[in-house]
Amino acid sequence: MFLLVPFAAAQAPEIELSRSVRTWEFLPVVGTRGGLFGNESGRLEAWVYPLKLFRDFHLTFHVSNRALPAENLARTLTVTPTSATLVYVGDSFRVRETLFVPVHEPGAVILLDVETNQPLEIEAGFVGDFALEWPAAIGGTFEDWDAPHHAVVFGEETKKFAALVGSPTADDTHLAYDTNYSSSHETSFRLGITQRGKERKMLVIAASIAGRDEAEKTYEHLTTSYADLLRDSADYYRNYLSHTVEVELPDTALQQAYDWARISMIQGLVTNPYLGAGLVAGYRTSGVSQRPGFAWFFGRDSLWTSFALNAAGDYGTTRTAIEFIGKYQRDDGKIPHEIAQGASFVSWFKDFPYPYASADATPLFIIALNDYVTQSGDVAFARETWDRAWKAYQFLRSTYNEAGFPRNYGIGHGWVEGGPLLPVSTEYYQSALGTEALRALSHLAGVAGRADIQKNLATEFQHRQSALDQAFWSPEKKMYAFALDKNDQRVDEPSVLAAVPMWFGLPDATHAEEMITRLADADQETDWGMRIISSHSKLYDPSGYHYGSVWPLFTGWASVGEYQYHRALSAYSNLRANALLTLDGSLGHDTEVLSGEYYQSFSTSSPHQIWSAAMVVSPILRGLFGLHTDAPNHQITLAPHVPADWTSFAIRHVELGTVGVDFKFHKIPDSIVLDITRTGEGDCWVEFSPAFSLRVQIASVEMNGQPLPFQLQPNGEDQHVSLRFPVKASSNKVVIHTKQDFGLSLNNDLPELGGTSHSLRVISESWNAARDLLRVETSGVPESRYELGVWNPSQISSVENGTLTQQGRIRIEMPNNNDNKDQEEYVHRILLIHFAPP
């Protein structure tokens, strides 16, 4: 990468991703005060919240009496958390355009590093679009030229709002105009000729809500101090990565995706000068409108993202998000759904239908607050926020139907906002959140010192959890219903929304396993994630926003839920699908929604969606590693379902109050080793509960050379060796000695853009009582060949419907599809893996 500012040798370099330009892909560069949104051709729009400044920004290269549009010459893109660099190459020149938005400044800088063998001049053009973000409006605006600053000035009649766009070398300016006889909507200026050799040019963008003087000061500051600001921004992101939970993974793609997902989440943190700081939902270009994707504040988006922030140890951002959402709680206790960045200029909370449109933000607020308090140990915040949580519960109770489930029909939408899945009385998703909110509020009551309320809520939760399963489980179809209709009858439509109750461990284990088996097949799961409903449903439409599309959010729900119920192979497939999306599409970010049929993001999707990034982090930390901190009880839980082909991993910077803990895991065929390093003062207990195959035998367990008691906790899919011990020394070693350890592994990949699913699905696994026969149900494309990885393949004596290769892998050849003319329709094959006697 072309480094604009060298860093000290002791500092770790910024993470970065590079690839050849895809001109259609979204390109965001953001700070907390503004952003540049465009595509990889270099066309951009600029925002300094809550103001939009311009759109259709583009460069033109003037060389040899030719005007060359930059978008035709864009060749490579490199992104870091701090900036994005596009490289344009002509016959005799190369220009590196670096887009940079300081983390905390109301503006942006564009650096242009020129290398040329002929005289070259760069022209910058754009369409002025000086306006407040939807739904607000400024009124009449104007553009003018400020010669001392070499900048175009945007203003309006009240002189509150102002912006400057220019360059120290800007000249030959052409302002937009409109007359009776002609008009031009484009404003442009040139940056001066580079005769030959190397030279740096720059553009500066600044804005203010306090008048032109302040905008000019920001403009001057960015012009003279951009190098320091660039370095400060790089430090900000570098420190963020090093002070939240770090992982070291053998899967390079997962490693990159995890780091970038943390960056994407924190880039959702926005400071609005009128409303405060909170999490927005996502980013996309606004074009000729004033709505940049979902770059305003959303309740449920923030709350679902908070679970990932907590898992990664970013408690500060979670608290900021919860405080922001809670500040706009309605008088009756309902939690807001969305708050536009222009809300303070209109009667947003009174006259618009959007602020409290959802029913699910209210229970999520209680659940997210409890998760934050439990993991961070911020008991004082629980007490400060208790009244808001109690008011939210009172509103939730007011929505109960006769069975005690929260309605969303007539109250606000649950997950589904429209389409043929409606109308319903209440979704399983919504009722499950209402149930989990009882457990969460019970715990918060205990923390807040309200023992009587705690006991009553705990009793109510137990009753409601049982009733929830009875109401939504369909014994005839062996599935959870999507919802109850207006007559409180089950709507037996299988949906990935059933994974949300699984996330919280609410369903009966047997029922959950049967539902996961249904969800794991190819009609529900694509190579790029989970459809909301089955492709076999009569309601399915791959372009249906709420009735056929794939959301990374759904995929993350499914992965965490599947890990919760020990279905590690399907969980890992979903985890990996989301991770790979981070490295494709808008580079380093996860899109909002994709087609249910073809690997393609929706044309209306927000390509940088914050909760989609969260659904890379949560499945890794909460799902795969089973990582959870309980600060009030001084305990860290680590319950990993380690992929069979992983021999090592590390987790660092796990905070438990004043204690910091690092874990390092290593596996060989007859043992696993967990090294634990602790720093800081205070009590620290670790509950280590790794998953093993039901075939494995545990010979012994020791910690620091001394025997350690353990318990085996088998379930229908695997068994966990449960250990709980205090961590007192700075360095500790736990060793679990095993016999007959065994496991299968599967690594899925994304198809080509526009392609269809082709990867293998592992739908279910089941052992016989003697543990010498494993039945594995798979599905795949007809007449395709797949392979499963095997840990300790020497134990296998034979494989029915498959082949054990010399490399120790199981090869599967799918049958043809004689019963169906659609050769892309998946077919099933059941493997029977026989094991030799020990």
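Eigenvalues of the alpha-carbon gyration tensor of segment 343-400, scaled by 5 and square-rooted, set the equivalent ellipsoid semi-axes at 26, 15, 10 angstrom, largest first.
Once all protein chains are placed together, ARG450 keeps about 90 Å² accessible to a 1.4 angstrom probe. Computed over the chain, relative contact order equals 8 percent, with contacts defined as Cα pairs under 8 Å that lie 6+ residues apart. Relative intensity of segment 113-169 on a log10 scale, I(q)/I(0) at q = 0.16, 0.19, 0.27 Å⁻¹, equals -0.62, -0.77, -1.16, per a Debye sum over C-alpha point scatterers of equal strength in the absence of solvent. Each listed q (0.11, 0.14 Å⁻¹) maps to a log10 I(q)/I(0) for segment 1-147 from the Debye sum over equal C-alpha point scatterers, namely -0.47, -0.75.
With bins 10 Å wide beginning at 0, the percent of Cα pairs of segment 176-326 falling in each bin runs 8, 23, 31, 23, 11, 3, 0. Among the trypsin sites (Lys or Arg not before Pro) within segment 326-423, those in coil by DSSP and having at most 15 neighbouring Cβ atoms inside 10 Å are ARG330.
Semi-axes of the equivalent ellipsoid for segment 484-523, please: Cα gyration tensor eigenvalues, times 5, square-rooted, ordered largest first, whole Å.
Working: eigenvalues 71, 39, 16 Å².
Result for segment 484-523: semi-axes of 19, 14, 9 Å.
In plain terms, the chain from GLN711 to VAL288 could stretch by 146.0 nm, reckoned as 0.36 nm per residue minus the Cα-Cα distance.
For the pair ALA699 and THR658, what calculated FRET efficiency results from E = 1/(1 + (r/R0)^6), where r is the Cβ-Cβ distance and R0 = 35 Å, to the nearest 0.05?
Details: r = 37 Å, r/R0 = 1.05.
About 0.45, to the nearest 0.05.
For the residue pairs LYS52/LYS217; LYS478/LYS538; LYS478/LYS667; LYS334/LYS486, the C-alpha atoms sit more than 27 angstrom apart in LYS478/LYS667.
Taking a ≥ b ≥ c as the square roots of the eigenvalues of the Cα gyration tensor, segment 679-756 is oblate, since a/c reaches 1.5 or more and a/b is not larger than b/c. Once the Cα atoms are used to define both axes, helix 315-327 deviates from the longest principal axis of the chain by about 80 degrees.
Using 1/(1 + (r/R0)^6) with R0 = 45 angstrom and r between the beta carbons of GLU220 and THR23, what's the FRET efficiency to the nearest 0.05?
On the way: r = 34 Å, r/R0 = 0.77.
With a Förster radius of 45 Å, E is 0.85.
Each part reduced to its alpha carbon centroid, segment 759-838 and segment 249-282 end up 39 Å apart. Could you tell me whether segment 708-832 comes out rounded, prolate or oblate from its Cα gyration tensor? Rule is a ≥ b ≥ c as square roots of the eigenvalues, rounded for a/c under 1.5, then prolate if a/b exceeds b/c, otherwise oblate. Prolate shape, in that a/c is at least 1.5 and a/b is the bigger ratio.
Hydrodynamic radius of segment 487-637 by the Kirkwood approach over all distinct alpha-carbon pairs: 15.6 Å. Between the beta carbons of ASP351 and TYR400, assuming R0 = 30 Å, the FRET efficiency works out to 0.55 to the nearest 0.05.
How big is the Cα convex hull of segment 167-246 in projection, averaged over all directions, in nm²?
Computing the convex hull of the Cα atoms and averaging its projections yields 10.1 nm².
By average Cβ neighbour count within 10 Å, what is the ranking of 782-793, 198-209, 653-664, 32-43 from highest down?
Details: 782-793: 17.2, 198-209: 21.5, 653-664: 19.0, 32-43: 23.1.
In decreasing order of mean packing, 782-793, 198-209, 653-664, 32-43 become 32-43, 198-209, 653-664, 782-793.
Carbon and sulfur: what percent of the chain's accessible surface (1.4 Å probe)?
Details: 14590 of 30830 Å².
The C+S portion of the solvent-accessible surface of the chain is 47 percent.
Between TYR181 and ASP144, the modelled labels are 2.6 nm apart [label points 7 Å from Cα along Cα→Cβ]. Sorting 70-83, 289-302 by average packing, meaning the other beta carbons within 10 Å per residue, from highest down gives 289-302, 70-83.
Tell me the volume per residue, in Å³, of the convex hull enclosing the alpha carbons of segment 349-483.
Working: hull volume 16.8 nm³, N = 135.
Output value, Cα hull per residue: 125 Å³.
On a per residue basis, segment 31-94 carries 29 Å² of accessible surface, using protein heavy atoms and a 1.4 Å probe. Note on SER92 and ASP228: their simple-model spin labels are 4.0 nm apart, each label 7 Å out from Cα toward Cβ. Ranking GLU825, GLU157 from most to least accessible surface, computed with a 1.4 Å probe over the protein chains only, gives GLU157, GLU825. Rounded to the nearest 10 degrees, the inclination of helix 252-266 to the longest alpha-carbon principal axis of the chain is 60 degrees. Site pair GLU783 and TYR598 shows an inter-label distance of 2.4 nm when each label is modelled 7 Å from Cα along Cα→Cβ. The charge dipole of segment 290-339, taken about its Cα centre with unit charges on the Cβ of Lys, Arg, Asp and Glu (plus for the first two, minus for the last two), comes to roughly 60 debye. Using Cβ point charges alone (K and R +1, D and E -1), the dipole size of the chain about the Cα centre works out to roughly 1120 debye. Mean projected area of the convex hull spanned by the Cα atoms of segment 302-378, taken over all viewing directions: 5.2 nm². For segment 502-545, pairs of C-alpha atoms spaced more than 16 angstrom apart make up 45 percent of the total. Averaged per residue, segment 567-697 has 28 square angstrom of accessible surface, using a 1.4 angstrom probe with ligands and nucleic acids left out.
Compute the projected area of the convex hull of the Cα atoms of the chain, averaged over all viewing directions, and report it in nm² to one decimal place.
38.7
The values are calculated or read from the model by the stated rules, or taken from the named source; none is laboratory data. Since we're looking at a predicted model, the values are computed, not measured. Quick reminder, even Gly has a Cβ in these numbers, built from the backbone with ideal geometry, and neighbours come from all protein chains shown. For accessibility, only protein heavy atoms count, side chains too; no ligands or nucleic acids. Shrake-Rupley method; radii C 1.70, N 1.55, O 1.52, S 1.80 Å.
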